[in-house]
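Where a number appears in this text, it was derived from the coordinates with a stated rule and is not lab data. Since this is a predicted model, take the numbers as computed values, not measurements. All Cβ positions, glycine included, derive from the backbone under ideal geometry; neighbour counts span all protein chains shown.
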């Protein structure tokens, strides 16, 4: 594979991902906001989200459809590789190379022809999906436009077998990964979650619930808005109740409660005592 690449006037050094036991890391911006389709069926309807100073628009092509939350596993793999290498004192780059097997093994998928094809389809969706956002832009009038993967290619041997994949990550994503304050470690069991909504909920819970002993809560209509889901609110509530009944999120327990004013809220808190951070007491014994 080529060791250097010029992209949009920048000289990019090749970063060779490594296999082995690497902690899974996720980008907090991607955990907090609606950047991905939660459905396995093809979505072309844009996500157009605004809340306070945050604006996000995600656009898809008719050919490939919008990048899904399962496709985002590739970005989790990339973030994990970059953080691991940086922590070991190695040079990193947004120009990355790996074998399909290494990516599939990390995200908990078997080494089959079907999963190879699914990986390449995911890369196509990540490249063709366009995001415009105000997040991490210093000026209120500034917006950043990018795709999750700027470009990618696969090298094949004479028998058509894959020798490896090269890809270039966007500056916006790469800069966020290199910022320690914007990265969180996630449970590897996340990759075993089957439903799009429960995957999105885990990332949201991990980001907002964190490791606080008292957890966190959201009212259900607010959750529905933050998900970017095309499901009507009634269907969204139904799916939430099913998830609460199954309790599939690793490390967290969920509950639906009714406020005195009749609003329903989803609450969540850590179940593993090792994950809980007990708040320090203030002077005078208060919390």
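Its alpha carbons give the range 224-270 an Rg and a Dmax of 11.4, 31 Å.
At an R0 of 25 angstrom, the distance between the Cβ atoms of residue 40 and residue 162 translates into a FRET efficiency of 0.55.
Considering only 45, 133, 112, the Gaussian network model of the chain with Cα springs below 10 Å gives its largest mean-square fluctuation to 112.
Computed extension gain for residue 105 through residue 136, at 0.36 nm per residue and net of the alpha carbon distance, reaches 8.0 nm.
Each principal axis of the Cα cloud of the chain was evaluated for its coordinate range; sorted largest first, these ranges are 67, 46, 44 Å. Contact order for the chain, expressed relative to its length and based on alpha carbon pairs under 8 Å spaced 6+ residues apart, stands at 19 percent. Extension gain for residue 51 to residue 178 (0.36 nm times residue separation, less C-alpha to C-alpha distance): 43.2 nm.
For the chain, modelled as a GNM whose springs connect Cα atoms under 10 angstrom apart, the maximal fluctuation among 41, 93, 32 occurs at 41. Calculated from the alpha-carbon coordinates, the range 192-275 shows an Rg and a Dmax of 12.3, 37 Å respectively. Pairs of Cα atoms nearer than 8 Å and 6+ residues apart set the relative contact order; for the range 192-275 it is 37 percent.
Quote the FRET efficiency, to the nearest 0.05, computed for residue 90 versus residue 263 with a Förster distance R0 of 51 Å and r equal to the Cβ-Cβ distance. Computed FRET efficiency for residue 90 and residue 263: 0.55. With each label modelled as a point 7 angstrom along the Cα→C-beta vector, the residue 216-residue 192 pair spans 2.4 nm. Counting only DSSP H runs of at least 4 residues, each contributing -39500 (n - 2.57), and dividing by the residue count of the chain, the helix-based mean residue ellipticity at 222 nm comes to -9000 deg cm²/dmol. Just so you know, the Rg over Rh for the range 20-135 is 0.99, from Cα atoms, with Rh as the Kirkwood radius. Our estimate of slack between residue 155 and residue 112, defined as 0.36 nm per intervening residue step minus the Cα-Cα distance, is 13.7 nm. Using the Cβ-Cβ distance between residue 246 and residue 144 with R0 = 35 Å, the FRET efficiency computed as 1/(1 + (r/R0)^6) comes to roughly 0.40.
Diagonalising the gyration tensor over the Cα atoms of the range 164-211 and scaling each eigenvalue by 5 before taking the square root yields semi-axes of 23, 17, 10 Å, largest first.
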